[in-house]
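Right, one structure below, let's go through it.
The values are calculated or read from the model by the stated rules, or taken from the named source; none is laboratory data. In this text the structure is predicted, and so the values were computed from the model without any measurement. Cβ placement follows ideal geometry from the backbone for every residue including glycine, while neighbour counts extend to all protein chains displayed. Surface accessibility is based on the protein's heavy atoms, side chains included, excluding ligands, DNA and RNA. Shrake-Rupley method; radii C 1.70, N 1.55, O 1.52, S 1.80 Å.
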Number of protein chains: 2
Amino acid sequence: MNSNPIGIFDSGVGGLTVCKAIRELMPSEHLIYFGDTARFPYGTRSLDTIIRYSREIADFLLSRNVKMIVVACNTASAVALKTLQGEIKVPVVGVIEAGARAACRAQDNGIVGVVATRATVNSLSYEKAILEINPNMRVIQRHATIFVSLTEEGWVDDDITRLAADKYLRGMYNEGVRTLILGCTHFPLLKNAIHSVFPEMVLVDSGYEIALEIKRMLKEKNLENLRNDGVVELYASDITDTLQRLKDMFFGENGSGIHKMIIDSRV
Amino acid sequence: MNSNPIGIFDSGVGGLTVCKAIRELMPSEHLIYFGDTARFPYGTRSLDTIIRYSREIADFLLSRNVKMIVVACNTASAVALKTLQGEIKVPVVGVIEAGARAACRAQDNGIVGVVATRATVNSLSYEKAILEINPNMRVIQRHATIFVSLTEEGWVDDDITRLAADKYLRGMYNEGVRTLILGCTHFPLLKNAIHSVFPEMVLVDSGYEIALEIKRMLKEKNLENLRNDGVVELYASDITDTLQRLKDMFFGENGSGIHKMIIDSRV
């Protein structure tokens, strides 16, 4: 057993969906979440910058003695996971592989779609992960920047969102995609809107899939927290309205405080 | 006369619209533009963070010996202008007052609308600036986060954009707004979309207005560059696809290089 915390980070608040899934599956674990809200979003940044930000946050989590780091952000998983795994002694897991595995299990026509941020799509990480599992799979990708701001704005069930879903996904649907990886932590919030345009689409939530894998991994490696003293600590580089709103939505008023923690300050 | 450069900064690439307006009106001036693309957007961040970022960039521009600083970002103008003016010896101008003055001249029914980012709206800066000019004016504000990502995605003439324009602006239109300040440097790119939904709306571009005021101010204070050696230097904290695309669009392949300059790095 190991009662040290699990570190989780994301470019912003989207990774709270992953944090929540981990909390529900493993309520006895102590979780430390860091959202880089002062520098969100990562999806439109260059690779160097994403790696630098990820490294800074990993250093912070390690200073809190975490037994594992979960890269809840698809963009950071796509771009920085291998670098972190090469530099850090505790296990580092990302959402990409978990989502890829689940999509390969779910599809039945040899085609998997991926909708993600620009940086995640450009990295080809989902494609590589899927082809490693099954080299015959056809992977069709599309970046969908506006999905991120639609969820941040709270327009999750709206004509505009359905129109954007149609515009982004119609092409891959026509090419045969019926299993779609939601390759950004925000996108599970758009499930209803996507289903209303494409009712038969199977939607794979990478964040939920990684939570399932973490549970199995902690058991296998004998890293579970048997002391049963699970709490959630939330940190962010900027305390924004969105963060406050989502924190309350996910965890209620009790059980977790937000501690302001700026890691990029020179002031 | 004074041949030192004019410093211009923005949270990202939107301020290039201001830079371009200044360039067209004052081709003999040497311009240094800094876009904080690694930390864009500012509009959803807290006030403390926006002030910190603005101060860091002003320090960089001062190190390049600028004779004036133009805060091209509406959000930073709204939140950080007074702080910078209190700390810095060269003149610091922002887009808010220029936009407010132009809107007060343009309106003929005592009502002015403002559409901007969340931080700009919450700061009430346009409202304060307008009421200082005319205390009887009625000001109706609305934040429009998704306008920013629609322009970044290039969906400037699209059904989704017109639907978003209708959703954001119909309320203020019904309340009588016929003069609307585009209170974010990105929004002038949406002029056509807004006009196709609200044909009679007078749209005020704060960035163009500040360029007019700077020209007058340099002349009055005898700060013009008479050496006629105008160049544009572009700096950014992250070199992104969007930045490259817009740079070429605005300035062509010649006459300016992008120098990578990271000011928030600890690495």
Hull surface over four for the Cα convex hull of chain A, reported in nm², is 13.8
At what distance in nm do the modelled label points of A:LEU47 and B:LYS191 sit from each other, each positioned 7 Å from its Cα along Cα→Cβ? 3.9
Net charge of Cβ neighbours under 14 Å - reference A:PHE198; Lys, Arg +1; Asp, Glu -1: +3
Could you please tell me the mean projected area of the C-alpha convex hull for segment B:41-128, averaged over all directions and given in square nanometres to one decimal? 6.0
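Pairs to check: A:LYS128/B:LYS191; A:LYS215/A:LYS247; A:LYS128/A:LYS219; B:LYS82/B:LYS219; A:LYS167/A:LYS219; B:LYS191/B:LYS221. Give those whose C-alpha atoms are more than 31 Å from each other in this structure.
From the list (A:LYS128/B:LYS191; A:LYS215/A:LYS247; A:LYS128/A:LYS219; B:LYS82/B:LYS219; A:LYS167/A:LYS219; B:LYS191/B:LYS221), the Cα-Cα distance tops 31 Å for A:LYS128/B:LYS191; A:LYS167/A:LYS219; B:LYS191/B:LYS221.
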On average, how much accessible surface per residue is there in segment B:96-206, in Å², for a 1.4 Å probe, leaving out ligands, DNA and RNA? 38
How high is the FRET efficiency from B:MET217 to A:ASP159, r the C-beta distance, R0 51 Å, rounded to 0.05? 0.65
For segment B:96-206, size of Cβ-based charge dipole, Lys and Arg +1, Asp and Glu -1, in debye: 320
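Would you work out if the protein assembly as shown is rounded, prolate or oblate? Take a ≥ b ≥ c from the square roots of the eigenvalues of the alpha-carbon gyration tensor; rounded if a/c is under 1.5, else prolate when a/b is larger than b/c, oblate otherwise.
The shape class here is prolate.
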Sorted from largest to smallest, which semi-axis lengths in Å does the alpha carbon gyration tensor of segment A:1-147 give for its equivalent ellipsoid, taking the root of 5 times each eigenvalue? 26, 18, 14
Enter the angle in degrees (range 0 to 90, nearest 10) between the Cα long axis of helix B:74-87 and the first principal axis of the Cα atoms of chain B, meaning the one along which they spread out most. 50
Cβ charges +1 (Lys, Arg) and -1 (Asp, Glu), total dipole of chain A, debye: 580
Output the 0 to 90 degree angle, nearest 10, between the alpha-carbon long axis of helix B:241-251 and the longest principal axis computed from the alpha carbons of chain B. 80
Can you pull out the buried accessible area for chains A and B, both sides counted, probe 1.4 Å, rounded to the nearest 100 Å²? 3400
Segment B:96-206: radius of gyration and largest Cα-Cα distance (Dmax), Å: 12.9, 39
Using +1 at the Cβ of each Lys and Arg and -1 at the Cβ of each Asp and Glu in segment A:96-206, identify which of A:GLY183, A:HIS195, A:MET172 lies farthest towards the dipole's positive end. A:MET172
Among B:GLN85, A:LEU212, A:VAL13, whose Cα lies farthest out toward the positive end of the dipole of the protein assembly as shown, if unit charges sit on the beta carbon of Lys, Arg (+1) and Asp, Glu (-1)? B:GLN85
Take the Cβ-Cβ distance between A:ASN109 and A:GLN85 as r, set R0 to 41 Å, and report the resulting FRET efficiency rounded to the nearest 0.05. 0.80
Sorted by packing (mean other beta-carbon atoms within 10 Å per residue), highest first, where do B:4-12, A:141-149 land? B:4-12, A:141-149
Rounded to the nearest 10 degrees, what's the angle between the helix A:16-25 long axis and the longest principal axis of chain A, both from Cα atoms, 0 to 90? 70
Any idea what the A:ASN174 label distances to the other copies are, label 7 Å down the Cα→Cβ vector, nm, shortest first? 3.7
Can you compute the FRET efficiency between B:ASP241 and A:ASN228 using 1/(1 + (r/R0)^6), with r the Cβ-Cβ distance and R0 = 45 Å? Round to the nearest 0.05. 0.40
Any idea what the dipole of the protein assembly as shown comes to, in debye rounded to 20, about its Cα centre with Lys/Arg Cβ at +1 and Asp/Glu Cβ at -1? 620
Distances in nm, one decimal, shortest first, from B:LEU124 to the same residue in every other copy, taking the label point 7 angstrom along Cα→Cβ. 5.5
State, to one decimal in nm and shortest first, how far the label point of B:ASP229 sits from each corresponding label point in the other identical copies (label point: 7 angstrom along Cα-to-Cβ). 6.8
Quick one: check the C-alpha center-to-center distance for segment A:128-203 versus segment A:30-53, whole angstrom. 22
Need one word for segment B:194-251: rounded, prolate or oblate. Basis is the Cα gyration tensor (sqrt eigenvalues a ≥ b ≥ c); a/c below 1.5 gives rounded, then a/b vs b/c decides. oblate
